[in-house]
Amino acid sequence: MTLRLLKSFALSVDHKRVPISSSAQRLVAFLALQNMPRSRTYVAGTLWPDVTASRANANLRSSLWRATRTGHQVIDASAQELAICKHITVDIHAAATRAHRLLDMSHPCDDILTTQMREDLSADLLPEWSENEWVLVEQEQYHELRLYALEAMTERLTAAGRHGEAVAAGLAAVRAEPLRESAHRVLMNAHLAAGNRGAALRQYEQCRRVLLDELGLEPSSTLRNLVPPGGGTPEPPARRIVSRPASDAPAQDTDTSAPAGTVPA
């Protein structure tokens, strides 16, 4: 049995989707992300924080009953604790494990420099569930992890001379976070390694525009230093303010040739 939480929720057995109610989906997803047994009180209070404890416990019992109606054992339930069944493979756990491998630059990981890995890192966790506070925390954590992993993947592919795949991974990182300079940097490096200076320059200009439009900032010196010679927009000079001494101020323009008591024309 597999549980997909990247892109959207899907519970499957032998590649066939298992129908499951929305309340049971929420319970199953929560337990899968916890990846450890949790007390019933904790689960009920987290999933239904805005109702009384008795109402939250009633909602939990209802969701548990709905989960059993799938016809498959999905949740291990005891009198005190709940946990996702161990025989269920959860996609985000596998993706997170591989992401951490990519970040460990002291070990090779050519076996996961694949299109499937890039696709996994291009997907966010349950993007349509953002109304739940507990989901927001998990979403942000995985989002940051996948960004760093995509950048590491781009660097590994660039070093291996797999420039096309490196550019694809770098583009995925930029799409995920257009304001992230480090994503633009690894993508520019991939273009330069492939000998595509024009593409690197265009990427720099794209980064510069989005930073100026959204944040009013210029790219950092680290990014500017990657711009090919003769290309790019130079850093605007700092504005100089010069104060003039009072003695240097120009004299008031008067016409002394006019007779006394008259107003110069």
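Compute a Gaussian network model of the chain, connecting alpha carbons closer than 10 Å, and tell me which residue from Gln34, Gln206, Gln80 fluctuates the most.
Maximum fluctuation in the GNM of the chain, among the listed residues, is at Gln80.
Report ³J(HN,Hα) in whole Hz for each residue of segment 173-188, in order, from the Karplus equation J = 6.51 cos²θ - 1.76 cosθ + 1.60 where θ = phi - 60°; Gly and Pro get x.
5, 5, 4, 5, 8, x, 8, 8, 5, 4, 5, 5, 5, 5, 5, 4
Excluding His143 itself, what net charge comes from residues whose Cβ is under 12 Å from its Cβ, given Lys and Arg +1 and Asp and Glu -1?
Its environment carries a net charge of -3.
Hand me the trypsin sites (Lys or Arg not before Pro) from segment 1-94 located in a DSSP loop with no more than 13 other Cβ atoms within 10 Å, in residue order please.
Passing sites in segment 1-94 are Arg69, Lys86.
Over segment 2-87, what is the relative contact order in whole percent, taking alpha-carbon pairs under 8 Å and six or more residues apart?
30
Could you do me a favour and compute the accessible area per residue for the chain, 1.4 Å probe, result in Å²?
59
Subtracting the Cα-Cα distance from 0.36 nm times the residue separation, let me have the gained length for Thr97 to Leu136 in nm, one decimal.
Here the segment from Thr97 to Leu136 would lengthen by 12.0 nm.
Carbon and sulfur atoms: what percent of the 1.4 Å accessible area of the chain do they account for? Before the final figure, lay out each step's value.
Working: 7930 of 15600 Å².
Taking all protein chains in place, the chain shows 51 percent carbon and sulfur surface.
Under the rule a/c < 1.5 gives rounded, and otherwise a/b versus b/c splits prolate from oblate, where does the chain land using the Cα gyration tensor?
Working: a/c = 4.37, a/b = 1.95, b/c = 2.24.
Taking the square roots of the gyration eigenvalues as a ≥ b ≥ c, the chain is oblate.
Quick one: angle between helix 197-215 and the longest Cα principal axis of the chain, in degrees between 0 and 90, rounded to 10, please.
Roughly 90 degrees between the two axes.
To the nearest Å, what is the center-to-center distance of segment 167-211 and segment 7-54, using C-alpha atoms only?
Value for the Cα centre distance between the two parts: 38 Å.
If I take every Cα pair under 8 Å that is 6 or more residues apart in segment 76-200, average their sequence separation and divide by the length, what percent do I get for the relative contact order?
Taking the mean separation of contacting Cα pairs over the length of segment 76-200, I get 19 percent.
Report the longest stretch of the chain that contains none of the GluC sites (Glu not before Pro) sitting in a DSSP loop with at most 13 other Cβ atoms within 10 Å.
In the chain, the maximal stretch lacking such sites is 132-265.
The values are calculated or read from the model by the stated rules, or taken from the named source; none is laboratory data. Everything numeric in this text was worked out from a predicted model, so none of it was measured. Cβ sites come from the backbone with ideal geometry, for glycine too, and all protein chains shown count toward neighbours. SASA here: full protein model, heavy atoms, side chains in, ligands and nucleic acids out. Shrake-Rupley method; radii C 1.70, N 1.55, O 1.52, S 1.80 Å.
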